Amino acid sequence: NDLIMPPSPSQGGNETGMKYREVQGCYSTASRGGGRAGTNQLEAQYLVDRLAQIIKKGHDHSIGIVAFSVTQRDMILEVLDQVRRDDPALSDFLNEEGPDSLFVKNIENVQGDERDVILISVGYGPTSVGGRLASMSFGPVNREGGERRLNVLFTRAKLRTEIFTSFDWRDIDLARSSAPGVSALKDYLEFAATGRQSTHFETGEGFDSDFERDVADTIKALGFKATPQIGDQ
């Protein structure tokens, strides 16, 4: 119980950890939603408003923004450009330059970037405000390696991650998607919303590699029990 992985709420109370922001957004497609296809303008607006709120509090935190798609990233940039015209504090923040200045990226372009606070826009969601999630498609997350993209994204924050969605995490139906990334996304959203983690169990499977076996041998040599392949299968 001594291991702390950022962002951890044990480091700074309400200013650290994971925050789940369910908003009244609407994802637009080519035929539904009323906006530009592939975007969620309302969710982008909520995220930008939250950014402005953080800046007004005066915290000296570096911030990064990540969207699940290129089109949603572009929408966030558009909203930022509109809001900054009437918000001098936000405009000054956006004009700052340096290694820790604000970045706005899509999930596939986030690699070594780290910031104190990461704001995430899922973007995908119902095609009407307050509607149910009809599609289990989350762009790059559904593709091969989608779970690895999420692993990278969710470890970019030093202090706090805030994830914005336009649907309830329980609406993700794993019976309609076999993609590991979708399962990982649901687990993450559940934990962010509730603070509870799904119970994992011993699978009975052996080591996947010599590296795993070496690590287990070292742990056992220290006097601890080491069981491989704990988790959902």
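The values are calculated or read from the model by the stated rules, or taken from the named source; none is laboratory data. Worth saying up front: this structure is predicted, and the values here are computed from it rather than measured. Don't worry about glycine lacking a Cβ; one is built from the backbone with ideal geometry, like all the others, and counts go over all protein chains shown. Each accessible area value is taken on the protein alone, full model and side chains, heavy atoms only, with ligands, DNA and RNA left out. Shrake-Rupley method; radii C 1.70, N 1.55, O 1.52, S 1.80 Å.
Can you tell which of L51, L47 is closer than 18 Å to P126 by Cα, among the hydrophobic types (A, V, I, L, M, F, W, C), open to solvent by less than 30 Å² (accessible area, probe 1.4 Å) and in contact with a Leu (Cβ under 7 Å, 6 or more places away or on another chain)?
On the way: L51 fails: closer than 18 Å to P126 by Cα.
That would be L47, the only listed residue that is closer than 18 Å to P126 by Cα, among the hydrophobic types (A, V, I, L, M, F, W, C), open to solvent by less than 30 Å² (accessible area, probe 1.4 Å) and in contact with a Leu (Cβ under 7 Å, 6 or more places away or on another chain).
Out of the residues in region 25-51 meeting the condition of being aliphatic (A, V, I, L, M) and within 19 Å of the chain's Cα centre (by Cα), tell me which one is farthest from L153 (Cα to Cα). If you could, list the steps in order and put the result at the bottom.
So the first thing to find is which residues in region 25-51 are aliphatic (A, V, I, L, M), and the list is 30, 37, 42, 44, 47-48, 51.
Checking which are within 19 Å of the chain's Cα centre (by Cα) leaves us with 42, 44, 47-48, 51.
Details: L42: 22, A44: 18, L47: 17, V48: 19, L51: 18 Å.
Residue satisfying both the conditions and the ranking: L42.
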| remark: V79 passes all but one of the listed conditions (1) within 23 Å of T29 (Cβ to Cβ); (2) under 14 Å from the mean Cα position of the chain (by Cα); (3) open to solvent by less than 30 Å² (accessible area, probe 1.4 Å); the exception is number (2)
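So in region 127-152, with the set limited to residues that are of a type in the set (S, T, N, Q) and surrounded by fewer than 16 Cβ atoms within 10 Å (Cβ to Cβ), which one is nearest to the chain's Cα centre (by Cα)? Give the derivation first.
To start, the set of residues in region 127-152 that are of a type in the set (S, T, N, Q) comprises 127-128, 135, 137, 142, 151.
Right, trim to surrounded by fewer than 16 Cβ atoms within 10 Å (Cβ to Cβ) and you get 128, 135, 137, 151.
Working: S128: 22, S135: 19, S137: 16, N151: 9 Å.
It comes out as N151.
Can you go through G123, G112 and tell me which one is modelled with pLDDT of 95 or more, within 16 Å of I65 (Cα to Cα) and part of a loop (DSSP other than H, G, I, E, B)?
Values: G112 fails: modelled with pLDDT of 95 or more.
Step by step, each of G123, G112 is checked, and only G123 is modelled with pLDDT of 95 or more, within 16 Å of I65 (Cα to Cα) and part of a loop (DSSP other than H, G, I, E, B).
Would you pick out the residues in region 195-226 that are polar (S, T, N, Q) and open to solvent by 50 Å² or more (accessible area, probe 1.4 Å)? Step through it out loud before you land on a result.
To start, the set of residues in region 195-226 that are polar (S, T, N, Q) comprises 197-199, 203, 209, 218.
Once the filter is applied, which keeps residues that are polar (S, T, N, Q) and open to solvent by 50 Å² or more (accessible area, probe 1.4 Å), region 195-226 yields Q197, T199, T218.
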| query | Which of (1) within 27 Å of P6 (Cβ to Cβ); (2) open to solvent by 60 Å² or more (accessible area, probe 1.4 Å); (3) over 12 Å from the mean Cα position of the chain (by Cα) is the odd one out, the single condition Y124 does not satisfy? | reply | (2)
| query | Going through region 161-185 one residue at a time, which ones are in contact (Cβ under 8 Å) with a residue 12 or more places away in the chain, more than 11 Å from the chain's Cα centre (by Cα) and not in a helix (DSSP H, G or I)? | reply | S166, F167, D168, I172, D173, S177, A179
| field | Any hit, region 137-157, residues being touching a residue at least 12 places away in the same chain (Cβ under 8 Å) and over 22 Å from A179 (Cα atoms) | value | yes
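Here are some residues: D113, D100. Which one is open to solvent by 40 Å² or more (accessible area, probe 1.4 Å), over 20 Å from R21 (Cα atoms) and in contact with a strand residue (DSSP E or B) (Cβ under 9 Å, 6 or more places away or on another chain)? Write out each step before concluding.
Values: D113 fails: open to solvent by 40 Å² or more (accessible area, probe 1.4 Å).
Just one listed residue meets the conditions, D100.
Among residues belonging to region 153-163 that are touching a helix residue (DSSP H, G or I) at 6+ places or on another chain (Cβ under 8 Å), open to solvent by less than 10 Å² (accessible area, probe 1.4 Å) and not polar (S, T, N, Q), point out the one that is nearest to Q72 (Cα to Cα). Spell out how you get there, then give the answer.
Just the residues of region 153-163 that are touching a helix residue (DSSP H, G or I) at 6+ places or on another chain (Cβ under 8 Å), to begin with: 153-154, 159-163.
Going one step further and asking which of them are open to solvent by less than 10 Å² (accessible area, probe 1.4 Å), we end up with 153, 160-163.
Applying the additional criterion that residues be not polar (S, T, N, Q) yields 153, 160, 162-163.
Values: L153: 16, R160: 21, E162: 16, I163: 14 Å.
This residue is I163.
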| Using beta carbons and a limit of 8 Å, which pairs, at least six apart or on different chains, have the first residue in region 83-103 and within 15 Å of Q53 (Cα to Cα) and in a helix (DSSP H, G or I) and the second one at pLDDT 95 or above and acidic (D, E)? | V83/D49
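Going through S178, S166 one at a time, which residue ends up being touching a Cys at 6+ places or on another chain (Cβ under 7 Å) and either farther than 28 Å from D100 by Cα or buried (at least 18 other Cβ atoms within 10 Å of the Cβ) (or both)?
Values: S178 fails: touching a Cys at 6+ places or on another chain (Cβ under 7 Å).
None of the other options fit; the residue is S166.
Is it true that L159 is at pLDDT below 95, in contact with a Pro (Cβ under 8 Å, 6 or more places away or on another chain), more than 25 Å from G17 (Cα to Cα) and hydrophobic (A, V, I, L, M, F, W, C)?
Numbers: at pLDDT below 95: yes; in contact with a Pro (Cβ under 8 Å, 6 or more places away or on another chain): yes; more than 25 Å from G17 (Cα to Cα): no; hydrophobic (A, V, I, L, M, F, W, C): yes.
Criteria not met by L159.
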